1. Select from the range 207-224 the residues that are open to solvent by less than 50 Å² (accessible area, probe 1.4 Å) and either part of a loop (DSSP other than H, G, I, E, B) or of a type in the set (G, A, S) (or both) and write down the one among them that is nearest to D181 (Cα to Cα).
2. Checking E76 against (1) acidic (D, E); (2) modelled with pLDDT of 75 or more; (3) open to solvent by 60 Å² or more (accessible area, probe 1.4 Å), only one condition comes out false. Which one?
3. Taking the criterion of being part of a helix (DSSP H, G or I), modelled with pLDDT of 65 or more and under 21 Å from V122 (Cα atoms), would at least one residue in the range 84-107 satisfy it?
4. Mind checking whether some residue in the range 163-173 is at pLDDT 85 or above, among the aromatic types (F, W, Y) and within 21 Å of the chain's Cα centre (by Cα)?
5. Among the residues of the range 225-245, what is the count of those that are farther than 21 Å from D181 by Cα and open to solvent by less than 80 Å² (accessible area, probe 1.4 Å)?
6. Evaluate the following for G248: is it at pLDDT 80 or above and not hydrophobic (A, V, I, L, M, F, W, C)?
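The values are calculated or read from the model by the stated rules, or taken from the named source; none is laboratory data. Owing to the predicted nature of the structure, the values given are computational and were not obtained by experimental measurement. Cβ coordinates were reconstructed from backbone atoms using ideal geometry, including for glycine residues, and neighbour counts include every protein chain displayed. Please note that ligands, DNA and RNA were not included when accessible areas were found on the heavy atoms of the full protein model with its side chains. Shrake-Rupley method; radii C 1.70, N 1.55, O 1.52, S 1.80 Å.
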Amino acid sequence: MGYAGFFRALPPLGSAGGSGAVVLQWSSYNQIRDAGGITQIREPYFAASAAVQSVLGAGDNRVSALGLASLAGQIERMSRGMAPLNPVLVVAPTGQPQLGLPLRQLRQQQAARQVRDAMARVMIGPEPGWDGAGTGHNAFLASFQKGCKAPCPIEAKTGTVSRQDPRFAGTTTFAAIVDLDRLARQLSESDAPVQVAAPVNANATLKSLPPVITLGVITIARQDQRPLPEGHGASRFAMQFLRDLLAGAPTDGQ
């Protein structure tokens, strides 16, 4: 929670067992839901309900742009067998952030890799056997005038709030793992209509960054903005940011 976001299934701070929530197995949850009666297991039932709704449409979850970037970073770490880390805004000058411990369960690493495999399809165009392009493909195309070649150096997940939502209609989210070096090399190829100024190792701005970064973007339509913007605003903003970053242009958030 806090500056990273809020997950509805977690109990409030200070409550008993405050590091997590007890949830029901799907079979038990579904049985109670179908029967329409909740008796002695109200808290596990409602925790399971919150978890299910969080997966299918975000439910009561709240997330910040930092939370999205942190989530992408945790997936990237877990796919390499590293334990997740809590996000930090400032690193003390005398010391490095903890590297974390290797994951104890191989299935967690395998799950993270499967998530990354799915995220890798978000930015690419139509594929044989798939209906339509990835939800971030048009944003990449608009910024770089070409599609991202598979395997795309940008692994992403887009989100869009329903246009029927009375408060957050038009809000879009974008979380991504970006391999800057591979992206720069792909865009510097001779067939790229938009070529970056130089590969990563020759760009002073990029040399100060790690080879892999994560992004989190949220765009929110003004309440008086009607009709709502077309397209996916968070993806467009993220791709323009990456284009400016690779080209050495100022990236002050304007």
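1. G216
2. Just one mismatch for E76, condition (3).
3. no
4. No, there is no match, as no residue in the range 163-173 is at pLDDT 85 or above, among the aromatic types (F, W, Y) and within 21 Å of the chain's Cα centre (by Cα).
5. The total comes to 7.
6. So G248 fails the test.
Table: residues versus (1) assigned to a loop (DSSP other than H, G, I, E, B); (2) closer than 30 Å to R226 by Cβ; (3) open to solvent by 90 Å² or more (accessible area, probe 1.4 Å).
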{"position": "R113", "(1), (2), (3)": "no, no, yes"}
{"position": "E127", "(1), (2), (3)": "yes, no, no"}
{"position": "G134", "(1), (2), (3)": "yes, yes, no"}
{"position": "A142", "(1), (2), (3)": "no, yes, no"}
{"position": "A156", "(1), (2), (3)": "no, yes, no"}
{"position": "Q164", "(1), (2), (3)": "yes, yes, yes"}
{"position": "R167", "(1), (2), (3)": "yes, yes, yes"}
{"position": "G170", "(1), (2), (3)": "yes, yes, no"}
{"position": "A176", "(1), (2), (3)": "no, yes, no"}
